[in-house]
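A.B. asks: This is the structure, below, for whatever I ask next.
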Amino acid sequence: MGLTLYNDLTRTKEPFVPLNEGRVTFYSCGPTVYDYFHIGNARPFIVFDVLRRYMEFKGLQVDFVQNFTDIDDKMINRANREGITVDQLADRFIAEYYRDADALGVKRPTHSPKATEHMAEIISLIQRLVEKGHAYNVDGDVYFDVESFPSYGVLAKQSLDELQSGARIEIDERKRHPLDFALWKARKEGEPSWPSPWGEGRPGWHIECSAMSMKYLGDTIDIHSGGTDLTFPHHENEVAQAEAATGKKFVRYWIHNGYLLIDKEKMSKSLGNFLTARAALEQYPAKAIRHFMLSAHYRSPLNFSEDSLRQSLGAVERLENCLLDLDHARNHRKRVDGTPGSDHESVFRSYEDRFTAAMDDDFNTAAALGVVYEAVRTVNNYLKERSDLEESFLPPADRFFGMVETVMGIPGRVEEDGTDDSRIRDLIAERDAARKSRDFKRADAIRDELSAMGVVLEDTPDGVKWRRK
RNA sequence: GGCGGCAUAGCCAAGUGGUAAGGCAGAGGACUGCAAAUCCUUUAUCCCCAGUUCGAAUCUGGGUGCCGCCUCCA
């Protein structure tokens, strides 16, 4: 069974068939690097990271491009406020972006282009639009002429008239139509600028994505993703610019993630109701945040709360404990030949099939997680019901949980904290000896000591297990 | 005004015609020196009304409530 995706262009679920067999071109709108990103911004980063990983797991080669917007009003304002250049601001927050995204386990894109490094492509795209009569120059500002592009509104599913009514845009009399948008903005005092055929200036809001998408992935790409608030006007405008210039279809599948809500409201910088990803990571490990993001379907709104994060942490720890138990059994239990009649291979293959079926169904991570936890219970039961370990059990179990790790990035690799394990092992051995001689006071004292070191002990029939908190 | 989304147990959340996945929390039990982990049992008239159907959380119509986009925003 193949992957199906809900395409916002058609508003239906469609089988996903890449333009070129075996290869996927995927562009995801990235951050404007004027500040730390918040946990709501992190949703698309994580969720589309998982979609990308899943497609790679299925054997597709994914060319995944995510841009950095490093020149716009917010960049200029923030740089001015900080008394630094826009370049310096961008350098700083690109580094901060990577620090947080890496910490969240988000794979780095194939390409991460910056707008300021693609002026040639941007200008040449605008030029093509001007030449074809889709754009016009007014005093050094260049606007896209929406009326010259009959299918404007394909993504919004609205006509120009409908879009106009009720819109609270201040009307710029120099524009031919209120919805005409800037491709190029003439330089203002104190702003960074680049030379162009229309004079010094800088690119408008939307043009960079079209230009960079076309440069790295070609005129027509398979998938373009972003938050649902980008549907209009950002993505609508991208379509208009690109298709007006090339005459070809720009994006085959448009996908948008739902918002992260907080107190039932959209989390956003302008509302001020946000929590930075950095701050969230100080309180909860990445595995909990990833699990939280994957616990709902990507298109649904997802309500953020401390409690939800706590619940996700509890859940992902259950998965982690299961894998630790499995490893402990691997290292300490007697291996025996498989019992005739017990077919672990087909049990885990069935889980794998159900997991991939859920993921194939418009990337239903919540349903896929349900399957993961059924598999967890199976493993826990198996380990409880016997004291040895069949050789036939590990390979299919490892394959299944390896797939979960590869695709979802949970539970994630345990970070080394530099503690010397030999000290821990010595203490555990000492405690074990104390327990054998029924000196429980001493044993508990050692447990407390280890606990203070962040080490949790579990006494099991297979011996003492330990893990870091 | 136009376009769109959502409403499932205490909480989070799957499920698009055949009598409700999974997780968190709670209760009871098993195991246990203690603890932890784990296992078992247990918790849902699927927002309301009407309709279609042998049968609806799932389809249709009408409500109610919440949210979003149309303006910078993932």
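A.B. asks: Tell me which aspartates and glutamates have Cα within less than 12 Å of A:LYS269's Cα, excluding those fewer than 8 residues away on the same chain?
C.D. replies: Answer for A:LYS269, where 12 Å is the Cα cut-off: A:ASP35, listed by chain and number.
A.B. asks: Principal axis lengths of region A:193-280 from Cα atoms, whole Å, largest first?
C.D. replies: 46, 34, 22
A.B. asks: Now for a different question. So how do A:135-146, A:445-456, A:392-403 stack up, highest first, on mean other-Cβ count within 10 Å?
C.D. replies: A:135-146, A:392-403, A:445-456
A.B. asks: How much accessible area does A:THR356 have with a 1.4 Å probe, in Å² rounded to the nearest 10?
C.D. replies: About 30 Å², ignoring ligands and nucleic acids.
A.B. asks: Let's test the formula: R0 of 56 Å, r as the Cβ-Cβ distance of A:ALA120 and A:ALA433. What FRET efficiency results, to the nearest 0.05?
C.D. replies: Rounded to the nearest 0.05, the efficiency is 0.20.
A.B. asks: Continuing with the same structure: Could you work out the pair-distance distribution P(r) of region A:256-329 from its alpha-carbon pairs, with 5 angstrom bin width and percents rounded to whole numbers?
C.D. replies: Going from the shortest bin to the longest, the percentages are 3, 15, 21, 23, 17, 8, 5, 3, 2, 1, 0.
A.B. asks: Give the lysines reachable from A:LYS188 as a straight Cα distance under 20 Å; neighbours fewer than 8 places away on the same chain don't count.
C.D. replies: A:LYS74, A:LYS175
A.B. asks: Continuing with this model, one more query. Relative to the compact globular guide of 2.2 N^0.38 Å, what is the alpha carbon radius of gyration of chain A, as a ratio?
C.D. replies: Dividing the Cα Rg of chain A by 2.2 N^0.38 Å gives 1.18.
A.B. asks: Using amide H atoms built 1.01 Å from N in the peptide plane, name the residues 5+ places from A:TRP184, or on other chains, whose amide H lies under 5 Å from its own.
C.D. replies: Sorted by chain and number, the residues that satisfy this are A:VAL142, A:GLY204.
A.B. asks: Amide H of A:TYR253: which non-local residues (sequence gap of 5 or more, or other chain) have their own amide H closer than 5 Å, using H built in the peptide plane?
C.D. replies: A:ILE223, A:HIS224
A.B. asks: Excluding residues on the same chain fewer than 8 positions from A:LYS58, give the lysines whose Cα lies under 17 Å from its Cα.
C.D. replies: A:LYS107
A.B. asks: Return the equivalent ellipsoid semi-axes of region A:328-396 as a descending list in whole Å, where each equals the square root of 5 times an eigenvalue of the C-alpha gyration tensor.
C.D. replies: 27, 13, 9
A.B. asks: List, in order, the whole-Hz ³J(HN,Hα) value for each residue of region A:227-234 obtained from phi through the Karplus relation with A = 6.51, B = -1.76, C = 1.60 and θ = phi - 60°; use x for Gly and Pro.
C.D. replies: x, 5, 6, 8, 3, 10, x, 4
A.B. asks: Given contacts defined as C-alpha pairs under 8 Å and at least six residues apart, what's the relative contact order of chain A, whole-number percent?
C.D. replies: Computed over chain A, the figure is 17 percent.
A.B. asks: Here's a follow-up. Where does region A:421-468 land on Rg(C-alpha)/(2.2 N^0.38 Å)?
C.D. replies: For region A:421-468, the normalised Cα radius of gyration is 1.02.
A.B. asks: Also, quick follow-up: Given an 8 Å cut-off on Cα distances and at least 6 residues of separation, report the relative contact order of region A:104-208 as a percent.
C.D. replies: Relative contact order, region A:104-208: 27 percent.
A.B. asks: Something else: Once amide H atoms are built 1.01 Å from N in the peptide plane, which residues 5 or more positions from A:GLY258, or in another chain, come under 5 Å H to H?
C.D. replies: A:ARG299, A:SER300
A.B. asks: Roughly how far apart, in whole Å, are the Cα centres of region A:444-469 and region A:112-131?
C.D. replies: What the calculation gives is 59 Å, centre to centre.
A.B. asks: Shifting gears a bit: Give me the net charge for the shell around A:GLY218: Cβ to Cβ below 12 angstrom, other residues only, Lys and Arg +1, Asp and Glu -1.
C.D. replies: Around A:GLY218, the charge tally is +2.
A.B. asks: On to the next question. Can you give me the relative contact order of region A:1-126 as a percent, contacts being Cα pairs under 8 Å and 6 or more apart?
C.D. replies: 28 percent
A.B. asks: Moving on to the next point. Output wanted: per-residue J couplings in Hz (rounded whole) for region A:438-453, from phi through Karplus 6.51 cos²θ - 1.76 cosθ + 1.60, θ = phi - 60°, x for Gly and Pro.
C.D. replies: 6, 8, 6, 5, 5, 4, 5, 4, 5, 4, 4, 5, 5, 4, 5, 7
A.B. asks: Going 7 Å from the Cα of A:GLN61 in the Cα-to-Cβ direction, what parts of region A:196-216 have a backbone nitrogen less than 17 Å from that spot?
C.D. replies: A:216
The values are calculated or read from the model by the stated rules, or taken from the named source; none is laboratory data. Quick caveat: nothing in here was measured; it's all calculated off a predicted structure. Positions of Cβ are backbone-derived with ideal geometry, glycine not excepted, and every protein chain shown enters the neighbour counts. The area values use the complete protein model at the heavy-atom level, side chains included, leaving out ligands, DNA and RNA. Shrake-Rupley method; radii C 1.70, N 1.55, O 1.52, S 1.80 Å.
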